Amino acid sequence: MGKPLTKNQIVAELSTKTSLSKKDVANVLSTLETLAEKRVVADGQFRVMDLGKLVVRKTKARMGRNPATGKEIKIPAKTVVKFRVAKAIKQLAKR
C-alpha cells in the first residue's frame, strides 16, 4: 500500500481524466464539501454516489480509563460524523 494522495494530486488526476482545469476541479470539490456539510447538518446524512455516505451518529456517555494513570474517567455523550463505505468499494478492497 502506498501513501494516500494529497489534495493537489487528486485535483491533478481528476483534471487529467476529465479535461477540466485544475481550478474547475478544485471548485467542484469545494462545492461538494460545502454541500455535504449542509446536508449532514440538515438531514443527518449525505450520500456520495458509489462511494458511501456520511452519517451522524450519537454516542452514549460511558466510563473509560486514562491509560497513563489507570484512573477511571467519565467520557461524555457526543455526536460524531462517520463515513460508511459502499458495498461495492468494500468488495474491491477484499480482492
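Quick check for the range 26-76: number of Lys pairs with alpha-carbon distance under 26 Å, counting only pairs 8 or more apart or on different chains?
7
Using a 1.4 Å probe, what is the accessible area per residue for the range 17-95, in Å²?
That works out to 87 Å² per residue.
Run the dipole for the range 1-89 about the Cα centre, Lys and Arg Cβ at +1, Asp and Glu Cβ at -1, nothing else charged, and hand back the magnitude in debye, nearest 20.
560
Once fully extended, how much extra length lies between ILE10 and VAL41, figured as 0.36 nm per residue of separation less the alpha-carbon to alpha-carbon distance?
Difference between extended and current length: 8.6 nm.
Could you give the nm distance between label points at ALA88 and LEU32, where each point is 7 Å from its Cα heading toward the beta carbon?
With each label point 7 Å from Cα toward Cβ, the separation is 1.4 nm.
How fast does the range 32-95 diffuse by Stokes-Einstein, in µm²/s, taking the Kirkwood radius from C-alpha pairs at 25 °C and 0.890 mPa s?
173
What order do you get for 31-40, 56-65 when each peptide is scored by the mean count of other beta carbon atoms within 10 Å, highest first?
Details: 31-40: 12.5, 56-65: 10.1.
Going from most to least packed, we get 31-40, 56-65.
With the full set of protein chains in place, find how many percent of the accessible area of the chain is carbon and sulfur; take the probe as 1.4 Å. Before the final figure, lay out each step's value.
Working: 4790 of 8430 Å².
On the chain, the fraction of accessible area on carbon and sulfur atoms equals 57 percent.
Ordering SER30, SER19 from largest to smallest accessible area (1.4 angstrom probe), what's the sequence? Could the numbers behind the result be given before it?
Values: SER30 55, SER19 105 Å².
I get SER19, SER30, largest accessible area first.
Do the sum for the chain: with -39,500 (n - 2.57) for every DSSP H run of n ≥ 4, divided by all residues, what is the mean residue ellipticity at 222 nm, to the nearest 500 deg cm²/dmol? Kindly include the intermediate steps, with their values, before the conclusion.
Values: 3 runs with 42 residues, N = 95.
When only DSSP H runs of four or more count, the value is -14500 deg cm²/dmol.
The values are calculated or read from the model by the stated rules, or taken from the named source; none is laboratory data. Just so you know, these numbers come straight off a predicted model, no measurement behind them. Cβ coordinates were reconstructed from backbone atoms using ideal geometry, including for glycine residues, and neighbour counts include every protein chain displayed. In case anyone asks, the SASA skips ligands and DNA or RNA and just uses the protein heavy atoms, side chains included. Shrake-Rupley method; radii C 1.70, N 1.55, O 1.52, S 1.80 Å.
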